[in-house]
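Structure, as structure tokens:
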Amino acid sequence: MSNYHIKNLEEYYQIYRKSTRDPENFWSEVAEEHFLWRRKWDQVLQWDFEKPEVKWFEGAKLNITENCIDRHLLTKGDKTAILWEPNDPAEDAQHISYQELYQRVNRFANVLKSKGIKMGDRVCIYLPMIPELAISVLACARIGAIHSVVFAGFSSTALSTRINDASCKMVITSDGSYRGSKTIDLKGIVDEALEKCECVESVLVAKRINSDIDMKEGRDHWLQPLLDKADDQCQPEVMDAEDPLFILYTSGSTGTPKGMLHTCGGYMVYTAYTFKNIFQYKDQEVYWCTADIGWITGHSYIVYGPLANGATTLMFEGVPSYPDFGRFWEIVEKHKVNQFYTAPTAIRALAKEKLDYVNKYDLSSLKVLGTVGEPINEEAWHWYNDNVGKGQAPIVDTWWQTETGGIMISPIPYATPTIPTYATLPLPGVQLALMDEKGEEIKGNLVSGRLCVKFPWPSMARTIWGNHERYRDTYFSAFKGKYFTGDGAMRDAVGYYRITGRVDDVVIVSGHNLGTAPIEDAINEHPAVAESAIVGFPHEVKGNALYGFIILKEVGETRDRANLRKEINQQITEHIGPIAKLDKIQFVPGLPKTRSGKIMRRILRKIASDDTSNLGDISTLLNPEVVRQIMDEKID
Ligand code: PRX
């Protein structure tokens, strides 16, 4: 039996048991059989969650790009590695073969070297979803430079904070970007950010929109002429398994963003292993993850995981709504996409539109559908399942975090029976625990608690860049000897996990623990509701009461508000019980969201609690203007 490719549920259980009985043996078998190492490890795992310190494959030497590119050249040189689809459907797609990727990454790596970038230097990448983004990530990895990709929707302030935190020596950007019908002046944002960054010595600028931009003499360089001159051979730097690969920032519930540091060996093994199993990828197939490479999903499941498996990974520059709401489905038909991985927020947005946008296209190539990033509500799950997968493509609801590097809980398609809203079972090697508030592990099934991981897995973040103490305090101090995810979860009768949301989203109403996600699920099933967010606010008698911010679909716009409020509470009563009824319901034009589409409940909680004196920095939101509108119409 191969450990690497799980084919049915029985095999999953066998492999899972093996992985927990002897994790070191399990991971060393996976690592040995499927990757190219320049030197084998002396020890599979060393760990101490008190310090905390985790080391996988100590003593091993490798370069992740050799695994993602070079070793495929003989057998798959002509195969498309990156299939790039532009923002505008009138522009041609690019099929970048493994051979071409090899040359382009090497050229780019030589350009980095020519600008003085060495192993261990930090390089900030602030690019739109163009091939240069994936190529520059790989070029950094080729020479051992640590990439720090910042999502190109972040503001100049957010960018400068991240550049300074990691003391980046270089920024890679473009003259601008396309986003639907708009263009964005990325270089202008970089220039503004760099006024506050003394560490940056050079800026490489890719041409994308041919705009007239300022180039600062001595600091800024057009990328293409440098690439044209560069040699297409660049020996990969031989890295230790525990050498840093990248930093990626994620926001904490308080304070500055946390630069999660991932290392080379374990990250490679785990992302490749999970990609293979969760998407059941087979040669010749086309896999598409709609995330941006600026997020962990893009790092692990657009770039490293797929390429380490020699897959064809589709990279899309645009947005789901341009030129119309059928764009995703048009791309699926055009490139015969087999695996499609997206976020619930995108599904909900598309589900609001006419079904014609979906039905117009042939989606019969799809065999696995994925979701990530937040709990998927039942209504969205069914819409995805029925209209996109036509009931034929299993949905993998994948739970994980920037910190975990790879997917931790997910069905294995065609093996694990799925249930809407359940992320189901832990991946091999992932040992979960549910904890109660006193710090005791809750054993058995049909229980809920705080979700922890009690044993290291290869792709876990090793530290927060420059702040190991914060790493310990955030993840290892709440529950002794365990990694605390910050999420709550329930385990059902057969051991399936359902994520109930961030623990800080739990509201205690009259002594009852209520997860906001299931209440939102119930509300969203009302035919007039498009999206909702529930928060707690202080209440004299109950301790906390619930406040609902609700976006209506067009069908609800003209309906009597008082009736709608009654119906929504009736819906909650039916799904959860009267205890979860909302005290206040405000119909809103939008919800404040992060650039990755997450609802900022922190802001809504403050509004609901009449505590708006310090809302924090809202400038990095997708839609900061909506905050004022919600405040103006707040219900007293
Ligand atoms: O609360 C969980 C939620 O997203 C958090 C991690 O966010 P981030 O680091 O930005 O990474 C997102 C992409 C991996 C988690 O703590 N989350 C992620 N996936 C799911 C989820 N909540 C419920 N179900 C999921 N499938």
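The values are calculated or read from the model by the stated rules, or taken from the named source; none is laboratory data. Just so we're clear, the structure is a prediction, and the values are computed from it rather than from any experiment. Here Cβ is always computed from backbone atoms with ideal geometry, including for glycine, and neighbour counts include all displayed protein chains. Calculation scope for accessible area: heavy atoms of the full protein, side chains included, ligands and nucleic acids excluded. Shrake-Rupley method; radii C 1.70, N 1.55, O 1.52, S 1.80 Å.
Listed conditions (1) open to solvent by 60 Å² or more (accessible area, probe 1.4 Å); (2) out of contact with any helix residue (DSSP H, G or I) (no Cβ under 9 Å at 6 or more places or on another chain); (3) within 16 Å of the ligand (Cβ to nearest atom) are all met by D610, apart from (3). Among the conditions (1) open to solvent by 70 Å² or more (accessible area, probe 1.4 Å); (2) in a strand (DSSP E or B), the only one that R17 does not satisfy is (2). Among the residues examined, A415 qualifies as closer than 21 Å to N277 by Cα, more than 15 Å from the ligand (Cβ to nearest atom), open to solvent by 10 Å² or more (accessible area, probe 1.4 Å) and small (G, A, S).
Counting only strands (runs of 3 or more DSSP E) that fall entirely inside the stretch 133-211 and contain at least 2 residues that are within 24 Å of T594 (Cβ to Cβ), the qualifying elements are 146-149, 170-174, 177-179, 182-184.
Listed here are the residues, each with its yes/no results for (1) in contact with an Asp or Glu (Cβ under 8 Å, 6 or more places away or on another chain); (2) within 13 Å of the ligand (Cβ to nearest atom); (3) not hydrophobic (A, V, I, L, M, F, W, C).
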| position | (1), (2), (3) |
| --- | --- |
| S410 | yes, yes, yes |
| L434 | yes, no, no |
| G444 | no, no, yes |
| V447 | no, no, no |
| F476 | yes, no, no |
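State all residues of the stretch 45-91 that are surrounded by 21 or more Cβ atoms within 10 Å (Cβ to Cβ) and over 29 Å from K282 (Cα atoms); if no residue qualifies, say none. Within the stretch 45-91, V54, K55 meet the criteria. Taking the stretch 549-575 as the range and being within 11 Å of H526 (Cβ to Cβ), under 34 Å from the mean Cα position of the chain (by Cα), in contact (Cβ under 8 Å) with a residue 24 or more places away in the chain and surrounded by 17 or more Cβ atoms within 10 Å (Cβ to Cβ) as the test, the residues that pass are I550, L552, G556, I568, Q571, I572.
Listed here are the residues, each with its yes/no results for (1) in a strand (DSSP E or B); (2) modelled with pLDDT of 90 or more; (3) on the phi < 0 side of the Ramachandran plot; (4) within 16 Å of the ligand (Cβ to nearest atom).
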| site | (1), (2), (3), (4) |
| --- | --- |
| F479 | no, yes, yes, yes |
| V494 | no, yes, yes, no |
| A533 | yes, yes, yes, yes |
| F537 | yes, yes, yes, no |
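Tell me, please, whether a residue that is open to solvent by 40 Å² or more (accessible area, probe 1.4 Å), over 22 Å from P86 (Cβ atoms) and either within 16 Å of the ligand (Cβ to nearest atom) or at pLDDT 95 or above (or both) can be found in the stretch 326-334. No - not one qualifying residue is present in the stretch 326-334.
Working only within the stretch 376-402, note down all residues that are acidic (D, E) and either under 19 Å from I293 (Cα atoms) or near the ligand (Cβ under 9 Å from one of its atoms) (or both). D397 - this is the single residue of the stretch 376-402 that is acidic (D, E) and either under 19 Å from I293 (Cα atoms) or near the ligand (Cβ under 9 Å from one of its atoms) (or both). Only one of the listed residues (G373, G429) is away from the ligand (no atom under 12 Å from the Cβ) and touching a residue at least 60 places away in the same chain (Cβ under 8 Å). That residue is G429.
Looking across the stretch 346-366, the residues that are more than 15 Å from the ligand (Cβ to nearest atom) and either of a type in the set (S, T, Y) or in contact with a strand residue (DSSP E or B) (Cβ under 7 Å, 6 or more places away or on another chain) (or both) come down to K352, Y357, Y361, S364, S365, L366. Just one of the listed residues (E379, E403) is open to solvent by 30 Å² or more (accessible area, probe 1.4 Å) and either outside any loop (DSSP other than H, G, I, E, B) or not assigned by TED's automatic domain parsing to the domain that holds D283 (or both), namely E379.
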